[in-house]
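What follows is one structure encoded as structure tokens, with my remarks underneath.
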């Protein structure tokens, strides 16, 4: 399934689909510290990943039109577990632990990395990855690592250049174009701002596209 989605991904711009997913009905499902604690590996899910200050939880909350669905914090690295949110009986969103600025012991970071790697490599329900980067500081070491992993795993990848409201329109477009030129053809890219609700429709359409043909 991953290969089929990977091969049909195009860079032709925003997708125009009739939404069958009602994002505002999303609900928290479970938090998992390791793969064995994750929900049954059935249906389909899309995961959000990024550095600890990239705004994953804020993006999920904005997409689902809920202020506190995913926990947010001013302290980077608060998401230390794999958090699952049910969109319906068969489809889920996943908030993955952040990398980078988390002020936690190395042993805890190693624990995150081990179980996150297991999830990414072994989770059959995973249909695509949303990789969040600060639009002002894209393509850091972790971002490049995720790009390489998704290419190897033939997993569709969509980049959200977050905090787009921090830049004017011209620099926004320049940053999006620069990242598009720098990434492989299977990767799609957009500007995004959770506070200003920039790019929500495009993000929702991308997730809908990946999850539309889930077998019930």
When residue 97 is evaluated against the numbered criteria (1) closer than 19 Å to residue 192 by Cβ; (2) at pLDDT below 95; (3) surrounded by 20 or more Cβ atoms within 10 Å (Cβ to Cβ), which criterion, by number, is the only one it fails? (1)
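Quick grid of which residues meet (1) part of a loop (DSSP other than H, G, I, E, B); (2) surrounded by fewer than 21 Cβ atoms within 10 Å (Cβ to Cβ); (3) modelled with pLDDT under 95:
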residue: 12; (1), (2), (3): yes, yes, yes
residue: 31; (1), (2), (3): no, yes, yes
residue: 41; (1), (2), (3): yes, yes, no
residue: 49; (1), (2), (3): no, no, yes
residue: 57; (1), (2), (3): no, no, yes
residue: 69; (1), (2), (3): yes, no, yes
residue: 72; (1), (2), (3): yes, yes, yes
residue: 78; (1), (2), (3): yes, yes, yes
Report whether or not residue 205 is over 22 Å from residue 35 (Cβ atoms) and surrounded by fewer than 20 Cβ atoms within 10 Å (Cβ to Cβ). yes
Which numbered condition residue 152 fails, given (1) touching a helix residue (DSSP H, G or I) at 6+ places or on another chain (Cβ under 9 Å); (2) surrounded by fewer than 16 Cβ atoms within 10 Å (Cβ to Cβ): (1)
Take the residues of the stretch 173-191 that are in contact with a strand residue (DSSP E or B) (Cβ under 9 Å, 6 or more places away or on another chain) and more than 18 Å from residue 140 (Cα to Cα): which is surrounded by the most Cβ atoms within 10 Å (Cβ to Cβ)? 186
Checking the structure you have, find out if any residue of the stretch 108-122 is surrounded by 19 or more Cβ atoms within 10 Å (Cβ to Cβ), under 25 Å from residue 36 (Cα atoms), at pLDDT 95 or above and touching a strand residue (DSSP E or B) at 6+ places or on another chain (Cβ under 9 Å). no
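The values are calculated or read from the model by the stated rules, or taken from the named source; none is laboratory data. Keep in mind it's a predicted model, so treat the numbers as computed, not measured. Here the Cβ is made from the backbone with ideal geometry for all residues, glycine too, and neighbour counts use every protein chain on show.
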